[in-house]
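Accompanying notes for the structure given below.
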Ligand code: LLP
């Protein structure tokens, strides 16, 4: 459920017409609904209220400070994968002891920063990383809390680029070597083993991969218990899918009903790392049609947002629903079309081979389900300033990130003296 709908012929985010924001802020822009973000977080939280848990929002999905603060105020933590994400989470007010840190390539400097602020735990992805954490912690004279990220080799049945728990994936430590690695970890002076972690992929629309992966993770928990290696946390990652088109992913409650009985028995504190399910349908990218162009096959709606602003359609062939901002535009004749951006690449499209109403230059469209992995994956390609982000709450909105300007584009660049 989200809070984007037509009222009085105009597409609104909550009680604000998107056309009003477009007038005042310009296009393109990302628009997020406070009510939807809040609701999704609460629904997830409620679904798991029977077990002690912390929701560590996956910062990579939407890293705006205002969005992170919103979840922090709800008692949430953060799942980070870089020093930059750690910086953002802390700046947004997420308590350090609610931050988990995953990723296969943590640098020694990033490890030091995380130890310095006292994060909840590192989700360790390899033997060498474990060694690096131990070394850095020793230098600092502290003990580093860690979980091992187990790769359970379960197919999440999603897009190959966002499958992370396969045998062929770069992520995690194989299920078969997990215990050896744990034994190694407990023998290290400056490592404190506190948990176990798994995350098998994203946009998962079935319950079974979650259950299968959790079963294997619980095997590890059992083995740890048998060996007297005590842990406190089980981090089951993120990955729950959302409806972009006609997918019917399980509701958090359905997932909870299936896995709570498994989790309850452990007596452990559960950590969740949802990203997309919280933020995905809470955001839209609003863009304006610049030109239209027709050939024998179809019509192109050339809009002012491109693959640099929203790369998901190009990168994953994702379906993002396109809604006219003016409801009456939807009544125009329907036509086979591509929504394309201004970038000089054929892969620059936001929608392809879609039957859409005949948009005209000047019309606004909302590209839906863009609240997760939308702005965070945007770039300056073709030297396009990144677009603003807007947060709507009830009948007002705040610009929570300014549109970049041309000076921002060249910030930090310099011309060597021999070229002057
Ligand atoms: N935890 C870890 C360790 C992750 O790697 C991820 C996502 C998450 C949690 C959050 O997963 P979520 O609940 O959002 O599915 N850019 C891609 C998605 C990449 C996901 C990477 N990892 C996309 O736009 O579809």
List the number of the failed condition for residue 328; all other conditions in (1) part of a strand (DSSP E or B); (2) more than 16 Å from the ligand (Cβ to nearest atom) hold. (1)
Residue within region 12-27 that is in contact with a helix residue (DSSP H, G or I) (Cβ under 8 Å, 6 or more places away or on another chain), at positive phi and touching a residue at least 60 places away in the same chain (Cβ under 8 Å) present: yes
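Identify, from the list 337, 369, the residue that is buried (at least 20 other Cβ atoms within 10 Å of the Cβ) and at positive phi. Please lay out each step first, then the result.
Numbers: 337 fails: at positive phi.
None of the others qualify; the one that does is 369.
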By residue number, the members of region 206-254 that are under 17 Å from residue 267 (Cα atoms), in contact (Cβ under 8 Å) with a residue 60 or more places away in the chain and under 19 Å from the mean Cα position of the chain (by Cα) are 235
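Could you list, in sequence order, the residues of region 148-174 that are in a loop (DSSP other than H, G, I, E, B) and within 13 Å of the ligand (Cβ to nearest atom)? Please lay out each step first, then the result.
Initial filter on region 148-174 (in a loop (DSSP other than H, G, I, E, B)): 152-159, 164-172.
156, 158, 159, 164, 165, 169, 170, 171, 172, listed by residue number.
List the helices (runs of 4 or more DSSP H) inside region 188-306, counting only whole elements, that have at least 2 residues being surrounded by fewer than 24 Cβ atoms within 10 Å (Cβ to Cβ) and assigned by TED's automatic domain parsing to the domain that holds residue 112. Steps first, answer last, please.
Values: elements: 208-226, 252-264, 276-279.
The qualifying helices (runs of 4 or more DSSP H) are 208-226, 252-264.
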Any chance residue 306 is farther than 19 Å from residue 205 by Cα, away from the ligand (no atom under 11 Å from the Cβ) and free of Cβ contacts under 8 Å to residues at least 40 places away in the same chain: no
Can you name the condition, by its number, that residue 180 falls short on among (1) closer than 22 Å to residue 275 by Cα; (2) surrounded by fewer than 16 Cβ atoms within 10 Å (Cβ to Cβ); (3) more than 16 Å from the ligand (Cβ to nearest atom)? (1)
Return only the number of the condition from (1) in contact with a helix residue (DSSP H, G or I) (Cβ under 9 Å, 6 or more places away or on another chain); (2) under 30 Å from residue 49 (Cβ atoms); (3) buried (at least 18 other Cβ atoms within 10 Å of the Cβ) that residue 312 does not satisfy. (2)
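The values are calculated or read from the model by the stated rules, or taken from the named source; none is laboratory data. Just so it is clear, the model here is predicted, and its values are computed rather than measured. Because the Cβ atoms are built from the backbone with ideal geometry, glycine has one as well, and the counts that use them run over all protein chains shown.
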